[in-house]
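First comes the structure, then the notes that go with it.
What follows draws every value from the coordinates through simple rules; no lab data is involved. Just so we're clear, the structure is a prediction, and the values are computed from it rather than from any experiment. Positions of Cβ are generated from backbone atoms using ideal geometry, with glycine treated the same way; all protein chains shown enter the neighbour counts.
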Amino acid sequence: MTIHTFRMYFLAIGLTCFAAVLGQIFYFRPQTVYVSQLFLQVIAFILGRTWAAVLPNASRGKVWAFLNPCEFTLKEHVAILIMSSTATSSAEAISVFAADDLYYGITPNYGVAIFTLLGSQLLGASPLASGALARRFDLRD
């Protein structure tokens, strides 16, 4: 059965938002609490099995075939876990914005904040990425 189901995307996006919000809230506590991937794995399994058991299956029509195409599979479970576990830790640029606001009274506008966060998250492995991209130019015979 296919891995790309509505159930997988719905549960993955929902658990990703849940993990991101909890991770961000707990980031600023004196004792940092991390959202465990095991917790997300158990919750994803329970929600996926419940979804498959409660909703009618694909034999009831096209709408139900879209919402509940088959039993909850291991592939869907792994995809949900991979997607939701990426959001368990906070972005590093958040601590920069927090320090700017706390010590210097600087509050960036929304555009700067969003693009700084995207830039820091997407280019996080910059030394590795730039080294891999420039490998054929850096190595000499």
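Just want the answer: with Cβ charges of +1 for Lys and Arg and -1 for Asp and Glu, which residue in THR32, GLY111, PRO56 is farthest toward the dipole's positive end in the chain?
Sorting the options by dipole projection puts first PRO56.
Which residues in segment 32-73 have a backbone N closer than 17 Å to a point placed 7 Å from the Cα of TYR9 along the Cα-to-Cβ line?
The answer is 63-70.
Can you tell me the dipole magnitude for segment 1-90 around its Cα centre, using point charges on the Cβ only (Lys, Arg +1; Asp, Glu -1), in Debye to the nearest 20? Don't skip to the answer; put the middle values down first.
Values: 6 positive and 2 negative charges, 28 e Å.
Charge dipole of segment 1-90: 140 debye, to the nearest 20.
At what distance in nm do the modelled label points of PHE18 and GLU71 sit from each other, each positioned 7 Å from its Cα along Cα→Cβ?
Result: 2.3 nm between the two label points.
Restricting to DSSP loop positions (anything but H, G, I, E, B) with no more than 16 other Cβ atoms inside 10 Å of their own Cβ, which GluC sites (Glu not before Pro) remain in segment 1-108?
Values: sites: GLU71, GLU76, GLU92; in loops: GLU71.
Those that pass, being in a loop and sparsely packed, are GLU71.
If the label point is 7 Å along Cα→Cβ of TYR34, which residues in segment 61-88 have backbone nitrogen under 17 Å from it?
82-88, by backbone N distance to the label point.
With axes computed from alpha carbons, what is the tilt in degrees of helix 74-85 against the longest principal axis of the chain, rounded to the nearest 10 within 0 to 90?
Here the helix axis deviates by roughly 30 degrees.
Is it possible to state the helix-based mean residue ellipticity at 222 nm for the chain, with each DSSP H run of 4+ residues giving -39500 (n - 2.57), the sum divided by total residues, to the nearest 500 deg cm²/dmol? What is it? Don't skip to the end; give the middle numbers.
On the way: 8 runs with 91 residues, N = 141.
Calculated mean residue ellipticity at 222 nm is -19500 deg cm²/dmol.
Could you work out the local net charge near ILE82, counting Lys and Arg as +1, Asp and Glu as -1, over the other residues with Cβ closer than 14 Å to its Cβ?
On the way: positive: LYS75; negative: GLU76.
Neighbourhood net charge equals 0.
Relative contact order, percent, of the chain when contacts are C-alpha pairs under 8 Å separated by at least 6 residues? Before the final figure, lay out the partial values.
Details: 126 pairs, mean separation 41.9, N = 141.
Worked out over the chain, it gives 30 percent.
log10 I(q)/I(0), Debye, Cα-only the chain, no solvent, q = 0.19, 0.21 Å⁻¹?
Debye curve over Cα of the chain, log10 I(q)/I(0) at q = 0.19, 0.21 Å⁻¹: -1.06, -1.17.
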